[in-house]
Amino acid sequence: MMAMENKTADATLESLHRIFTVPEAPDSTLSMIEQEISQNLNQFLNTHIASREKALADIEQDFCSAEIPEHPTFVSDHTQFLLNKLVAQSVHTSAPSFIGHMTSALPYFLMPLSKIMIGLNQNLVKIETSKAFTPLERQVLGMMHNLIYNEKNGFYQQWMHSADHSLGAFCSGGTIANITALWVARNNVLKAEGDFKGIAQEGLFRAMKHYGYDDLAIFVSERGHYSLKKAADVLGIGRENLIAISTDENNRISLPALNDAILKAKANNIQPLAIIGVAGTTETGNIDPLDELATIAEQHGCHFHVDAAWGGATLMSNRYRHLLSGIERADSVTIDAHKQLYIPMGAGMVLFKNPALMSAVEHHAEYILRKGAKDLGSHTLEGSRSGMSMLLFSALNIISRPGYELLINNSIHNAEYFANLIQDSPDFELVSAPELCLLTYRYVPQRTQAALALANDEQKAQLLDVLDKLTISIQKHQRESGRSFVSRTRIHSVQWQRENITVFRVVLANPLTTSDILKNVLMEQQELARQSRHLPLILSLTEQILD
């Protein structure tokens with residue numbers, strides 16, 4: 001029975017793979033671009049472009065004129081220019097060997113659907129310019145809200161299309177989503193009271209004076225996304241008041257350190273504005289203990305936000321959604337559809353547990369956002385927006401939750417496979433094991449690993465410095481070769497007790513990435529290591545320590 005279930009799952013996954021490979025298109029320059037841009041461009045480009053690899057400075061020369069053309073160009077000529085100058089030198093994010101960032105192949109059906117979206121040119125700020133798109137977007141927000149909170153007793157029938165409420169906001173990405181969540185939190189903490197009209201009317205200075213706070217503070221792990229610093233800046237809270245909390249050996253926020261930081265802030269008359277849990281850190285893909293963070297937020301009476309821009313899609317998987325246990329207790333949640341929901345850039349969302357929360361940022365204008373109307377723009381930071389929600393609506397219907405579950409499960413399986421591959425390779429070191437489908441590792445010769453274990457502090461520091469240079473060298477040369485791509489970052493090393501080491505970072509969300517591709521990535525890195533000028537010094541230092 002199990003074998004039959006696995007066979008059925010494999011067959012279904014294979015059918016899902018096909019939606020990431022666009023069908024044959026008519027023979028024209030424009031249709032060729034449209035077809036090939038949805039899959040691996042390498043073969044197409046090698047066939048059609050004489051010289052694909054150019055330095056950025058050379059590419060800039062193709063786009064260096066500041067003059068607006070005085071004469072029109074034929075569409076066919078302009079398309080040929082785009083093919084040769086733009087498409088040829090674009091990053092091939094859909095390639096199954098492009099495993100360095102949170103971008104992936106897209107389902108082919110999004111290409112024709114995008115034409116519909118662009119052709120209709122709806123503006124989601126106002127129902128007068130998006131008559132059908134407004135209820136569609138409200139439904140999409142309801143579907144994602146239900147995925148997180150799973151409210152009962154007619155909740156969605158009551159609130160989804162309420163003119164005076166919003167379950168969340170569609171936006172251009174996680175940055176705007178996080179800013180919106182903290183904007184709502186700030187306005188609710190500094191809300192109207194007595195003669196005070198609230199921060200939205202009177203400003204931050206008067207609000208702080210009215211409530212008698214010396215400052216506000218936001219608490220997040222040191223692995224928090226950089227967009228949170230932008231939020232603290234934009235909202236007038238200040239980057240210094242975004243308190244970075246240390247993490248444990250699994251890159252999760254330290255709860256004792258968080259409690260200490262909150263108590264210290266309160267002792268200094270600093271009001272905790274929000275605690276942020278990260279569900280899928282950008283660098284390592286780990287998930288904070290969300291349930292415990294929710295309890296701490298309740299104890300201190302502050303807003304609990306979960307940045308699940310990357311990991312939120314894991315809720316689609318019945319097998320792995322338990323990893324995000326506690327997210328249903330969050331006051332707000334960020335999810336990016338252009339990550340593991342396989343929607344084009346940029347499509348983010350912020351969802352609020354309480355439909356009334358967003359009233360804290362409600363705004364109106366007589367000519368466009370009249371009070372009592374169902375305009376989505378009355379609760380969004382952004383004004384004019386395209387109908388990107390249509391693409392997510394379509395994907396949710398065409399792929400369905402079980403389809404997304406297969407994609408999520410496959411990604412995590414690939415990450416576990418790659419982690420095992422690294423651990424079985426004597427000259428590689430797994431730095432952070434995958435919790436979702438993201439992991440970090442580096443090339444360290446087997447004897448060098450033994451030497452590091454025996455080295456004194458000075459020897460260890462010297463070796464780790466050269467290993468950092470080797471990692472950077474391998475990553476740069478691998479990127480330049482164009483056969484595969486991994487990214488790199490710097491993270492704390494528990495094993496070697498060093499604040500930061502340079503590591504390879506891979507994200508295995510592309511359903512077209514195969515085990516053979518992953519094997520080839522390691523083989524290529526091993527070969528590049530052998531060619532590096534840094535390796536002889538590493539081996540020499542290794543032998544000095546071991547002798």
Problem - Conditions (1) in contact with a Gly (Cβ under 9 Å, 6 or more places away or on another chain); (2) open to solvent by 40 Å² or more (accessible area, probe 1.4 Å); (3) not in a loop (DSSP other than H, G, I, E, B); number of the one not met by Gln299 - result: (1)
Handout entry: Unmet criterion (only one of (1) open to solvent by less than 10 Å² (accessible area, probe 1.4 Å); (2) at pLDDT below 95; (3) in contact with a strand residue (DSSP E or B) (Cβ under 8 Å, 6 or more places away or on another chain)) for Val361
Key = (3)
Fill in the blank from the handout: Filtering the range 384-427 for residues that are farther than 30 Å from Gly119 by Cα, outside any helix (DSSP H, G or I) and of a type in the set (S, T, N, Q) leaves a count of 1
Problem - Gln340 part of a loop (DSSP other than H, G, I, E, B) and either within 30 Å of Thr502 (Cβ to Cβ) or not polar (S, T, N, Q) (or both) - result: yes
Exercise for the section: Report the residue count in the range 496-532 for those that are aliphatic (A, V, I, L, M), over 14 Å from Lys469 (Cβ atoms) and open to solvent by less than 50 Å² (accessible area, probe 1.4 Å). Expected result: 9
Practice task
For Glu249, state whether it is acidic (Asp, Glu), surrounded by 16 or more Cβ atoms within 10 Å (Cβ to Cβ), at pLDDT below 95 and more than 20 Å from Gly326 (Cβ to Cβ).
Solution key: no
Handout entry: Those residues of the range 533-547 which are open to solvent by 60 Å² or more (accessible area, probe 1.4 Å) and closer than 29 Å to His477 by Cα, in sequence order
Key = Arg533, Pro536, Leu537, Leu539, Glu543, Gln544
Handout entry: Thr284 being in contact with a helix residue (DSSP H, G or I) (Cβ under 9 Å, 6 or more places away or on another chain), open to solvent by less than 50 Å² (accessible area, probe 1.4 Å) and either at pLDDT below 95 or on the phi > 0 side of the Ramachandran plot (or both)
Key = no
Practice task
Please work out if Thr502 is touching a Leu at 6+ places or on another chain (Cβ under 8 Å), touching a residue at least 40 places away in the same chain (Cβ under 8 Å) and of a type in the set (S, T, N, Q).
Solution key: yes
Problem - Condition broken by Phe219, with the remaining ones in (1) modelled with pLDDT under 95; (2) within 20 Å of Gly277 (Cβ to Cβ); (3) aromatic (Phe, Trp, Tyr); (4) open to solvent by less than 30 Å² (accessible area, probe 1.4 Å) satisfied - result: (1)
Problem - Condition met for Ala309 (farther than 21 Å from Gly142 by Cα, among the small types (Gly, Ala, Ser) and not in a strand (DSSP E or B)) - result: no
Exercise for the section: Please verify whether the range 94-103 includes one or more residues that are of a type in the set (A, V, I, L, M, F, W, C), at pLDDT below 85, assigned to a loop (DSSP other than H, G, I, E, B) and touching a Phe, Trp or Tyr at 6+ places or on another chain (Cβ under 7 Å). Expected result: yes
Exercise for the section: Scan the range 228-242 for residues that are surrounded by 22 or more Cβ atoms within 10 Å (Cβ to Cβ) and at pLDDT below 95 and jot them down. Expected result: Leu228, Ala231, Ala232
Exercise for the section: Answer yes or no: is there a residue in the range 80-94 that is small (Gly, Ala, Ser) and touching a residue at least 60 places away in the same chain (Cβ under 8 Å). Expected result: yes
Fill in the blank from the handout: Listed by first then second residue, the pairs whose first member lies in the range 376-394 and is surrounded by 21 or more Cβ atoms within 10 Å (Cβ to Cβ), whose partner is among the charged types (D, E, K, R) and in a helix (DSSP H, G or I), with beta carbons under 6 Å and at least 6 positions apart or on separate chains, are Ser389/Glu137
Problem - Given (1) farther than 23 Å from Arg490 by Cβ; (2) open to solvent by 10 Å² or more (accessible area, probe 1.4 Å), index of the condition Ile412 fails - result: (2)
Problem - Restricting the range 317-332 to residues that are open to solvent by 10 Å² or more (accessible area, probe 1.4 Å) and not acidic (Asp, Glu), the residue that is farthest from Arg186 (Cα to Cα) - result: Arg319
Handout entry: Pairs where the first residue, in the range 119-145, is within 16 Å of Ala169 (Cα to Cα) and the second is surrounded by fewer than 20 Cβ atoms within 10 Å (Cβ to Cβ) and basic (Lys, Arg), C-beta under 9 Å, 6+ apart
Key = Ile127/Lys374; Thr134/Lys374; Pro135/Lys374; Arg138/Lys374; His145/Lys353
Handout entry: Sole residue being open to solvent by 20 Å² or more (accessible area, probe 1.4 Å), assigned to a helix (DSSP H, G or I) and farther than 30 Å from Ser493 by Cβ, chosen from Asn153, Asn146
Key = Asn146
Exercise for the section: Considering every residue within the range 32-39, establish whether at least one is modelled with pLDDT of 55 or more, in a helix (DSSP H, G or I) and of a type in the set (S, T, N, Q). Expected result: yes
Exercise for the section: Output the number of the condition that Ile199 fails; it satisfies all remaining conditions of (1) crowded, with 20+ Cβ neighbours inside 10 Å; (2) in contact (Cβ under 8 Å) with a residue 24 or more places away in the chain. Expected result: (2)
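The values are calculated or read from the model by the stated rules, or taken from the named source; none is laboratory data. Since the model is a prediction, treat every value here as computed from it, not as a measurement. For neighbour counting, all protein chains shown are included, and Cβ atoms are generated from backbone atoms with ideal geometry for every residue, glycine included. Heavy atoms of the whole protein, side chains included, go into the accessibility calculation; ligands, DNA and RNA do not. Shrake-Rupley method; radii C 1.70, N 1.55, O 1.52, S 1.80 Å.
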